[in-house]
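**Q** The structure follows.
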Amino acid sequence: MGRKPTVNLNLPKGMRRRRRGDRVYYYLDIGERPRRELALGSDYPLAVKKWAELQLEKVPRNARPTFCDAATRYLAEVVPTKAPKTQDENIRQMETLQEFFGNPPAPLDDIWPVHIQQFLEWRKDVPVAANREKSLFSHVWNMARVWGYTNQPNPCTGVKGASETGRDIYVEREVFQAVYDEACQPLRFLMQLLYLTGQRPTDVVTRELKRHLATRTDGKQELIFKQGKTSKKLRVLVIGELLVVVEMVLIWKEGRPNSSPYLLVNEQGRRLSRSSLVRWFRDARLAAREKHPELDEEIAQFQLRDLRAKAGTDKADLAGDVRQAQRQLGHSSVTMTETYIRNRKGDTITPTR
């Protein structure tokens, strides 16, 4: 009787694992003497599938493609093609999915809609995150079908996502001013630019000056944005209050020799980092709450991203046309803009008489 295997216990009978340099390949020992093996490839799930086809046997449970197999390939091949911020989000989301579907590793063919519902129940305390993770699971599953890991329908189909409430914060002028007064100068510049341009914090902070600021043929300047989330290109004319702020930013940079080529820099002339912004804004908000207890709740809810919604809401009010806000925000439709700014400030109406 042959020796009982002590390694590669996930391999079905007759399947061999061989390392060639930095890669691992799988083979089928067809049982002849001298030994002869058929190559099954380097992708473990597909190798097991080929083994089953050649052996005409049912794949053992511990050798069937699992969610972790699909997730590993997805992280290696699909995630790197996404925007940097999306990559970071996907990596965090995948850790949560693998904690639920990978302990122990669940074979793809054994995952059903009821398990997706159980996952949503497990994550009921964070409904927004749960829905994003469910969407990522769905995409991983669709890619697993493309790769041949499973032929089963997507178990997310027909499973309603967790109920979530959209953010409806409108930053009133006094709340903005309270935090602005306590902020350091780089954060003040950022707050002004976020409001005046209506762009996302990432799109303002991570763009280089030479790609941000351009001079038109008529002599006017414009700030050029390519939105990281949608790749939408926008050109914001540098006029009015925005012109004043941009000039102040440029003077600030001139006072810091050898400063970073990015539009916004810190006291040392280096590019603003996410961790610094988070700390500065947290400290400014805390100081503002202590100084203005009457605005404590409103200030506590204020986040930098809310300035984009404030910009769109104020733009629609001042212009009297939501389409102006749509263009500023870079939304693909008026409906999207209306949904985005609805209930932020409330409708203005006239009295009955």
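**Q** Kindly indicate whether ASP218 is exposed (fewer than 15 other Cβ atoms within 10 Å of the Cβ) and at pLDDT 90 or above.
**A** For ASP218, the condition - exposed (fewer than 15 other Cβ atoms within 10 Å of the Cβ) and at pLDDT 90 or above - is not met.
**Q** Are there any pairs, at least 6 apart or on different chains, whose C-beta atoms fall under 8 Å, with the first in region 82-103 and more than 14 Å from GLY228 (Cβ to Cβ) and the second of a type in the set (Asp, Glu), and if so, which?
**A** If the second residue must be of a type in the set (Asp, Glu), the pairs left are GLN93/GLU133; THR96/GLU133; LEU97/GLU133.
**Q** Within region 266-280, how many residues are of a type outside the set (D, E, K, R), under 18 Å from the mean Cα position of the chain (by Cα) and either at pLDDT below 90 or crowded, with 18+ Cβ neighbours inside 10 Å (or both)?
**A** Residues in region 266-280 being of a type outside the set (D, E, K, R), under 18 Å from the mean Cα position of the chain (by Cα) and either at pLDDT below 90 or crowded, with 18+ Cβ neighbours inside 10 Å (or both): 2 in total.
**Q** Would you point out which residue out of ALA316, ALA311 is touching a Lys or Arg at 6+ places or on another chain (Cβ under 9 Å) and either at pLDDT 85 or above or within 25 Å of TYR180 (Cβ to Cβ) (or both)?
**A** Criteria check complete, one pass: ALA316.
**Q** Only one of these conditions is not met by LEU286: (1) among the aliphatic types (A, V, I, L, M); (2) under 22 Å from SER231 (Cβ atoms); (3) in the same structural domain as THR230 (by TED's automatic domain parsing). Which number is it?
**A** If we test LEU286 against (1) among the aliphatic types (A, V, I, L, M); (2) under 22 Å from SER231 (Cβ atoms); (3) in the same structural domain as THR230 (by TED's automatic domain parsing), just (2) comes out false.
**Q** Is at least one residue of region 226-244 farther than 22 Å from HIS331 by Cα and touching a residue at least 60 places away in the same chain (Cβ under 8 Å)?
**A** no
**Q** For the structure I just gave you, tell me whether ALA52 is surrounded by 13 or more Cβ atoms within 10 Å (Cβ to Cβ), modelled with pLDDT under 95, out of contact with any helix residue (DSSP H, G or I) (no Cβ under 7 Å at 6 or more places or on another chain) and under 18 Å from TYR149 (Cβ atoms).
**A** yes
**Q** Report, by residue number, each residue of region 195-231 that is under 19 Å from the mean Cα position of the chain (by Cα) and either part of a loop (DSSP other than H, G, I, E, B) or in the same structural domain as LYS85 (by TED's automatic domain parsing) (or both).
**A** Listed by number, the residues that qualify are GLN199, ARG200, THR206, ARG207, GLN227, GLY228, LYS229, THR230, SER231.
**Q** While we're here: Report whether or not ASN131 is free of Cβ contacts under 8 Å to residues at least 12 places away in the same chain and not small (Gly, Ala, Ser).
**A** no
**Q** Follow-up question, since we're still on this one. For the list (1) farther than 25 Å from ALA300 by Cβ; (2) out of contact with any Ser or Thr (no Cβ under 6 Å at 6 or more places or on another chain), I need the number of the one condition that CYS156 fails.
**A** (2)
**Q** Of everything in region 142-190, what is surrounded by 14 or more Cβ atoms within 10 Å (Cβ to Cβ), touching a His at 6+ places or on another chain (Cβ under 9 Å) and over 30 Å from ASP69 (Cβ atoms)? Give them in sequence order.
**A** Residues satisfying the conditions are VAL175, ALA178.
**Q** Starting from residues that are more than 22 Å from VAL128 (Cβ to Cβ) and among the polar types (S, T, N, Q), keep the ones in region 71-103 and report whichever is modelled with the lowest pLDDT.
**A** ASN103
**Q** Report whether or not ARG282 is assigned to a helix (DSSP H, G or I), without any contact (Cβ under 8 Å) to a residue 60 or more places away in the chain and on the phi < 0 side of the Ramachandran plot.
**A** Considered against the rule, which asks whether it is assigned to a helix (DSSP H, G or I), without any contact (Cβ under 8 Å) to a residue 60 or more places away in the chain and on the phi < 0 side of the Ramachandran plot, ARG282 comes out as yes.
**Q** Kindly establish whether PRO127 is surrounded by fewer than 16 Cβ atoms within 10 Å (Cβ to Cβ), at pLDDT below 90 and at negative phi.
**A** No, not satisfied.
**Q** May I pose another question? List the residue pairs whose Cβ atoms are under 9 Å apart, where the first residue sits in region 313-330 and is on the phi > 0 side of the Ramachandran plot, the second is buried (at least 22 other Cβ atoms within 10 Å of the Cβ) and not in a helix (DSSP H, G or I), and the two are 6 or more positions apart or on different chains.
**A** GLY330/GLY198; GLY330/GLN199
The values are calculated or read from the model by the stated rules, or taken from the named source; none is laboratory data. Quick caveat: nothing in here was measured; it's all calculated off a predicted structure. Backbone-built Cβ (ideal geometry, glycine too); neighbour counts: all protein chains shown.
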